[in-house]
Every structure is written in C-alpha cells, then in structure tokens.
Amino acid sequence: VLTGDGFRRFAGKRVGLITNHTGLALSIHVADLLAQAKSVRLTAIFAPEHGFRGTAEAGAKVRDGRDPKTGVKVFSLYGATRKPTPAMLQGLDVLVFDIQDIGARFYTYISTMGLAMEAAAAARIPFVVLDRPNPLGGEYMSGFVLESALKSFVGQYPIPIVHGMTVGELARMIQGERWMAGLDRLLLE
C-alpha cells in the first residue's frame, strides 16, 4: 500500500526503520524503496536479531554500521542495547516497524517491537507498524500463557506460545494492556 502511493504518508519526514530480511515489497527491501523515495528521508535503520539484511546467526550480536546499499546508518538492537536510545532517535519524525512475524511468542522481534514502542513514546514520536498478514493464517492459537516469573527477551508478554496475531494487532494489545511503561502517550498507527 505504501509503495503504491510513493510513501505519501511519510512525505517530508525523517524516518527510522526497524526491519530485517522480511521487510520486502514486491521482492525489494522496504529500506531500499524508502531510500529511493524522493519525498522521504530514510535517516536511520534499526537491526534486530539476525541483523538488518538477515545475515547474522541466531543469538549472535549485531553491530552498528552503515548499510552499503543505501548509505544509511544502521543501529543494532541486538548488541549493546535492545532498545533504541534517545541518541539513536534524535532527529527522527517517525519510527516504523516492518518485520513479518508468524505469531509465536518466543521470536525476539516482538520484544524488540515493544521496547521500540516504549522508546518512541518517551521521545514523543509516532510509531507506525507496517502490518502484514500472519503467514500461519492467524486462526491457530496454542500453548500456555507466559507466566510473569519467566519473562525474558524471548518471552516478554503474557500471551500463548502461538498467539495468532499480526504484529500490528500485538502492538495494539501491548499498548492497550499497558504491558510496557509510558505507552499511554504513544501515537500508534
């Protein structure tokens, strides 16, 4: 939808993008499309577990750097910090999350999303989720709900193992249930 209208929603904005190798539109990475868009300024890329282009091994720390394809600064969210810092968000007008997820509690991407939502709320910048269909169909739910004593980066929210939601639905639930601090002031789109 966004590529179809030339990213009009982000026109004139400095965009921070949290994404990985699943952030594709018509088999082109969304970061590449944003970097090419004339009316948008892709200012920062944030890399979760496995890195921005999906080349890091599971559990391996991801380093800060610069994307050779777009020239944009890449900040690691799976290294020294797992939450965007105020310095990383400096100068951004919007923080965008674009990671396809299968709706399983133990994927770290949804923990990254919640922490980024918290950081965006503190920085008072909008948080936009580019929601994609759950590839498992969104109708299958299974497993125990996470007990709060077992909360970790691979299980952050009190949801079943297979929760069946899209990341957009989960983001709304995280905010609505107040599972992260300060989200009452977050503009979530």
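The values are calculated or read from the model by the stated rules, or taken from the named source; none is laboratory data. This one's a predicted model, so the numbers in the text were calculated from it and none came from an experiment. Here the Cβ positions follow ideal geometry from the backbone for every residue, glycine too, while neighbour counts run over all protein chains shown. What goes into the accessible areas is simple: the full protein's heavy atoms, side chains included, and nothing from ligands, DNA or RNA. Shrake-Rupley method; radii C 1.70, N 1.55, O 1.52, S 1.80 Å.
What to note about this one:
- Estimated D of the stretch 1-112 in µm² per second, where Rh is the Kirkwood radius over Cα pairs and Stokes-Einstein applies at 37 °C, 0.692 mPa s: 231 µm²/s
- For the stretch 126-189 versus the stretch 1-27, the inter-centroid distance based on Cα atoms is 22 Å.
- A straight Cα-to-Cα reach below 22 Å connects Lys69 with the lysines Lys13, Lys38, Lys61, residues fewer than 8 places away in its own chain not being considered.
- Angle between the chain longest axis and helix 167-176 axis [Cα atoms, degrees, rounded to 10]: 70 degrees
- Loop-located chymotrypsin sites (Phe, Trp or Tyr not before Pro) in the stretch 81-123 (DSSP state not H, G, I, E or B) with no more than 10 neighbouring Cβ atoms inside 10 Å do not occur.
- Full-extension gain in nm, Arg185 to Ser27, via 0.36 nm per residue minus C-alpha separation: 53.4 nm
- In the stretch 92-170, one over the average inverse separation of all distinct C-alpha pairs is 13.1 Å, which is the Kirkwood hydrodynamic radius.
- For semi-axes √(5λ) of the Cα gyration tensor in Å, computed directly from the structure shown, the correct entry in (i) 25, 17, 17; (ii) 66, 13, 10; (iii) 29, 19, 16 is (i).
- With the charge dipole of the chain set up from +1 on Lys and Arg Cβ and -1 on Asp and Glu Cβ about the Cα centre, the Cα lying farthest toward the positive end among the listed residues Asn134, Thr81, Ser27 is that of Thr81.
- Accessible surface ranking that places the most exposed of Arg82, Arg63, Arg41 first, with a 1.4 angstrom probe: Arg63, Arg41, Arg82
- Counting only DSSP beta bridges with both residues in the stretch 1-138, the antiparallel share comes to about 20 percent.
- Note on the chain: with neighbouring protein chains present and a 1.4 Å probe, carbon and sulfur make up 54 percent of its accessible heavy-atom surface.
- Evaluated with a Cβ-only charge set (Lys, Arg +1; Asp, Glu -1), the chain carries a dipole of roughly 680 debye about its Cα centre, given to the nearest 20.
- Loop trypsin sites (Lys or Arg not before Pro), the stretch 103-189 (other Cβ atoms within 10 Å of the site Cβ: 12 or fewer; DSSP): Arg124, Arg178
- Across the stretch 51-130, the relative contact order, built from alpha-carbon pairs under 8 Å that are at least six residues apart, equals 28 percent.
- Gyration tensor verdict on the stretch 41-90 (Cα atoms; rounded if a/c is under 1.5, prolate if a/b is larger than b/c, oblate otherwise): oblate
- Separation in nanometres of the label points that stand 7 Å from Cα toward Cβ, at Ala87 and Val154: 3.0 nm
- Relative contact order (%) - criterion: Cα under 8 Å, at least six apart; region: the chain: 19 percent
- Cα long-axis angle, helix 108-123 against the chain (0 to 90 degrees, to the nearest 10): 60 degrees
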